[in-house]
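Here is the structure we will look at, set down as structure tokens.
The values are calculated or read from the model by the stated rules, or taken from the named source; none is laboratory data. Bear in mind that the values here come from a model prediction, so they are computed numbers and not experimental data. Here the Cβ positions follow ideal geometry from the backbone for every residue, glycine too, while neighbour counts run over all protein chains shown. These area figures cover heavy atoms from the full protein model, side chains too; ligands, DNA and RNA do not enter into them. Shrake-Rupley method; radii C 1.70, N 1.55, O 1.52, S 1.80 Å.
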Amino acid sequence: MPKKIIYLFAIMFLISCNNKTETVSKIDDKSEIQKSKFYLLSGNISGEDASMYLYVNKNNNSVSGYYYTKNKKAMITGKINNNKLNLQEIDENNNIHASIKGSLSDNIDFNAEIRYDEDNTVKDMSFSLNRNIPVYSADIADYYKNESEGNAIFSYHRTLLLFSKNNDNNSLDMESSINYAKEECENYYNEWKTLLADGVNSNTTYEIDNTVNVGYIDSRVIALDNYSSMYTGGAHGEKANIQEVYSLESSNLITIRDLISDFNNTNLISVMRDKILKTGSTKEDYFDFNSITLESSTFRILPNSINFVWQAYDIAPYSTGVTEISFTFDELKPYVKEDSPLYYLFL
């Protein structure tokens, strides 16, 4: 397989650090770069196969990420000090469900005990770096710039991910990415300053946030969760949460048209619409409920499912928000192209 580099501009809640460089680099008085590292680990929890997506910043003692088993996805966050871990398992509302204590070696061997609060059950966790796939680590740089003048606010954040096959580390590519973010940021910043200087609105607010997170990796594909939001005035800003799936062999983007064989399949449409209504919305919440198909959605790969997502305004007004439904691999298999680059997931 030829060496290829997959290289994305975006942002997220990641922790920040690269154990070979300083965590924070000052660009000017108002901006900074925070560097971090992503690792893909595989292992088990008390004998049950599991995988872990881990973000580590040893310079500020931060750790966060996810672990997956066959039937569960769980967020983890906490601290590391002299390779000792003190973590918590949390939900999307930051409620703590378990405590994790253990160690993370310099070779990225993760060994710990997890104690679940609900029943005080204790399980062993054992993970190591998964070197059996083409990419298992990434260098991350988060670029920030923040300034305020009176009630006027400027806030910019972009995450830059650099994945290298065969554990290559191309610092020139990362430098190029950082320069891109800096140039984009300065364009927004200068526009904001011009509006303030012209006296158009003393409360002018610019908030630009582009975040990327690793959503899924295996030996054939990598899926990146891209979150973006932009507010430059008006009633509300623009938001999107889209996963981009790339082939590790060709580096090509895989779209929903590469996945679904027939968007108008009546059985697929029936199951899809039932799932939409089970999210708590009603038919009246959508522009034209009976015209909805998966063709207008994007998809997300998770270790245990395929999720389909419609952004605000895709099929419903802003007040309805984002619509997301989930199919197990078995549920979706009858509707997947047999020549799809993702068909192997359903075997």
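Assorted remarks:
- Cβ-derived FRET efficiency at R0 22 Å, Asn307 paired with Ser250, nearest 0.05: 0.40
- Accessible area of the stretch 45-184 divided out per residue, in Å², using a probe of 1.4 angstrom: 49
- GluC sites (Glu not before Pro) restricted to DSSP loop in the stretch 93-179 with at most 14 other C-beta within 10 Å: Glu118
- Along the stretch 38-53 the Karplus relation, 6.51 cos²θ - 1.76 cosθ + 1.60 evaluated at θ = phi - 60°, assigns HN-Hα couplings of 10, 9, 9, 10, 10, x, 7, 10, 6, x, 8, 4, 8, 10, 9, 9 Hz to successive residues, with x for each Gly and Pro.
- Proximity of backbone amide H atoms, modeled 1.01 Å from N, is registered between Ile254 and Val245, Tyr246, Ser247 at under 5 Å, excluding neighbours fewer than 5 places apart on the same chain.
- Per residue, the average separation of C-alpha pairs within less than 8 Å and at least 6 apart gives the stretch 34-183 a relative contact order of 18 percent.
- Normalising the average separation of contacting C-alpha pairs (under 8 angstrom, six or more residues apart) by the number of residues puts the relative contact order of the stretch 222-282 at 22 percent.
- Structure-derived volume of the Cα convex hull per residue in Å³: which label, when the choices are (1) 162; (2) 117; (3) 135: (1)
- Put simply, when 305-311, 94-100 are sorted by average Cβ atoms within 10 angstrom per residue, most first, you get 305-311, 94-100.
- Of the trypsin sites (Lys or Arg not before Pro) in the stretch 265-307, those whose Cβ has at most 16 other Cβ within 10 Å and which sit in DSSP loop: Lys278
- Relative contact order of the chain: 13 percent, from C-alpha pairs under 8 Å at least 6 residues apart in sequence.
- Calculated FRET value between Ser219 and Ser176, using beta carbons and R₀ = 45 Å, to 0.05: 0.95
- Filtered trypsin sites (Lys or Arg not before Pro), the stretch 121-162: DSSP coil and at most 15 other beta carbons within 10 Å: Arg131
- Accessible-area composition of the chain, carbon plus sulfur, in percent [1.4 Å probe]: 43
- Highest to lowest packing among 83-90, 235-242, scored as the average C-beta count within 10 Å: 83-90, 235-242
- DSSP beta bridges fully contained in the chain are about 95 percent antiparallel.
- Restraint check, Lys35/Lys182; Lys35/Lys73; Lys73/Lys283; Lys73/Lys337; Lys30/Lys193, Cα-Cα greater than 18 Å: Lys35/Lys73; Lys73/Lys283; Lys73/Lys337
- Listed pairs Lys37/Lys101; Lys72/Lys275; Lys79/Lys275; Lys37/Lys278 exceeding 31 Å between Cα atoms: Lys79/Lys275; Lys37/Lys278
- Here's the picture: a label point sits 7 Å out from the Cα of Asn146 along the beta-carbon direction, and within the stretch 183-199 the residues with their amide nitrogen under 18 Å of it are 185-186, 189.
- Of the whole protein surface, Phe287 contributes about 130 Å² of accessible area at a 1.4 Å probe radius.
- Each peptide in 132-140, 332-340 was scored by the mean count of other Cβ atoms within 10 Å over its residues; highest first, the order is 132-140, 332-340.
- Accessible surface, per residue, of the stretch 267-347 when the full set of protein chains is kept, probe 1.4 Å, Å²: 49
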